[in-house]
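Engineer: My questions will all concern the structure given below.
What follows is calculated from the coordinates using simple rules that are stated; it is not laboratory data. Note that this is a predicted model, so its numbers are computed, not measured. Cβ sites come from the backbone with ideal geometry, for glycine too, and all protein chains shown count toward neighbours.
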Amino acid sequence: MISNLQALRGLAALAVAFYHTSYLLPGGAHTEFEAVLIFFVISGFIMSYISRENAGHFFANRLIRIVPLYWLATIFYVVLTHVGLTQIPLVWFPILDDLLAHPFRSIGFLWGTLQSLTSPGALKDLAGSLLFIPYKNAEGYFEPVLGVGWTLNYEMFFYCLFALALIISRRWGPLLVATALIGSDFVHDRLGCGSGCMAASDAWPYPNYFAYFMHGILVYYLWRACDRTARLILANSGSKLKFWICLIVALICVIAVPLFVASNIGLLPISWRAPAGIVLLALLAHSVGLRCTWRPLIILGDASYALYLTHVIVFETLGPFIDHANSSVGMAVTLTAAVLFAVLVHYRIERPIVQGLRRRAFRTLPSTTVGFGADSPVREIAARP
């Protein structure tokens, strides 16, 4: 396991959760510290890292990893919002009181809830959300029922593109994807597009975000080129020297090289920002032995996907009773509750489901073929959220 990436993923999920508390930092700043972009860069790196698998296993593995928990969280959220339990503590069930005191009124309430859940509009929105199809909701935004799922629409599109590239060539698949992303960005920005392209861009409100998948792919190749050299040169160096050399190499790779290439060939109209440098720095630190071993942070990384999906449910449940937007204590309590709930979901729900589905999907092949053997480098990241 590349523990630095796991820790970084946990911190990114925590940053997204912090952003959704609406808490303002000193000076009035409201930020998620570019955590979503870091997720996209990590995703591009991981897909390149595990691309030794064939296209079929690659896509099946990504579906098993992403879909089950997202579907469960979405359906759970839909039921809670329609029944109204996100606006009250989960330990209090007024429906039960009504059932005892006014059984017929409770039946009417439940029947109305069922009708709203099964209305054509609700079913259409739910289907679009579960199938990762961007659609415009009632507020006019391209967001699924579970709002944070908008990033998964981007992720799933990227997985489909990556699987298609692996069908063409397993060896050159990542570079084919990077070329496609650069080409689409070049066509869109330099050549313009018609009404069909504009409609497609409306469905992807942040088209530039696709560039960060490409950043992750290039980070993979930069890291692979530097990895062995860094291990040899810095094997006996002090930890401070290791850190500064890693930082300098990361800055050179992520800033100087791309800017030089872009200025000379003019084919990279994509701005490079901090997320790629942060991910590359974490990888270079891993290469020279500077690795995160703090167990709580690794556990947070393990539960990062669960935290990303479920923190909204926790926030809406606790919101009427804890002021997490204007109180530092309220924000801390809410975040703590979200993390604890995510860890519980990860170990009790997410992990057993993913492991069970993987055993069923890959039981006919040797573990070394699939890439999940005990010594497999694929297992280091692919088995993680």
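Engineer: Could you give me the residue pairs with C-beta distances under 8 Å whose first residue belongs to segment 346-359 and is closer than 22 Å to Pro296 by Cβ, whose second residue is surrounded by 14 or more Cβ atoms within 10 Å (Cβ to Cβ) and of a type in the set (Lys, Arg) wherever it lies, and which are 6+ apart or on separate chains?
Structural biologist: Sorted first by the residue in segment 346-359, then by its partner, the pairs are Val354/Arg65.
Engineer: Cβ-Cβ under 8 Å, sequence separation 6+ or interchain: first residue in segment 312-326 and without any contact (Cβ under 8 Å) to a residue 12 or more places away in the chain and farther than 22 Å from Val345 by Cα, partner outside any loop (DSSP other than H, G, I, E, B) and of a type outside the set (Lys, Arg). Which pairs?
Structural biologist: Close Cβ pairs satisfying both conditions: Asp323/Gly330.
Engineer: Could you list all residues from segment 5-48 that are closer than 26 Å to Leu175 by Cβ and surrounded by fewer than 21 Cβ atoms within 10 Å (Cβ to Cβ)?
Structural biologist: Glu34, the sole residue that qualifies.
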